[in-house]
Amino acid sequence: MSKSDYQELLAEYKDQIRILKQEVAELQDAGKSKDSANKRSLQKLEHSTDDLEKAQAEIKRLTQQLEDKTHEKNNTKDKGSLE
């Protein structure tokens with residue numbers, strides 16, 4: 001092989017290395033974007049779970065209040081019918 005053949009081959013390898021470095025950088029950027037999106041989604045899920053738990057606790061509290069009021073009304077009616 002002549003010197004020019006080696007230079008062409010070397011230039012081709014350098015070009016391939018440059019392209020591969022660009023592809024690696026793009027893949028790393030895509031990975032970082034994906035990680036960020038996953039983190040945001042996880043945070044949304046955590047907040048939604050917290051909101052759900054708070055709502056369930058509030059529903060339970062209100063249900064208990066309603067049951068207590070219903071029980072009081074029933075007791076009042078029972079006392080009234082006994083008199």
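The values are calculated or read from the model by the stated rules, or taken from the named source; none is laboratory data. All values derive from a computational prediction rather than experimental measurement. Note: ideal-geometry Cβ built from the backbone for every residue, glycine included; neighbour counts use all protein chains shown.
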Kindly evaluate Asp5 against the criterion of being at pLDDT below 95, part of a helix (DSSP H, G or I) and either out of contact with any Asp or Glu (no Cβ under 8 Å at 6 or more places or on another chain) or polar (S, T, N, Q) (or both).
yes
Ser36 under 14 Å from the mean Cα position of the chain (by Cα) and among the polar types (S, T, N, Q):
yes
Quick one: Thr63 ticks every box in (1) among the hydroxyl-bearing types (Ser, Thr, Tyr); (2) modelled with pLDDT of 95 or more; (3) exposed (fewer than 10 other Cβ atoms within 10 Å of the Cβ) bar one, so which box is it?
(3)
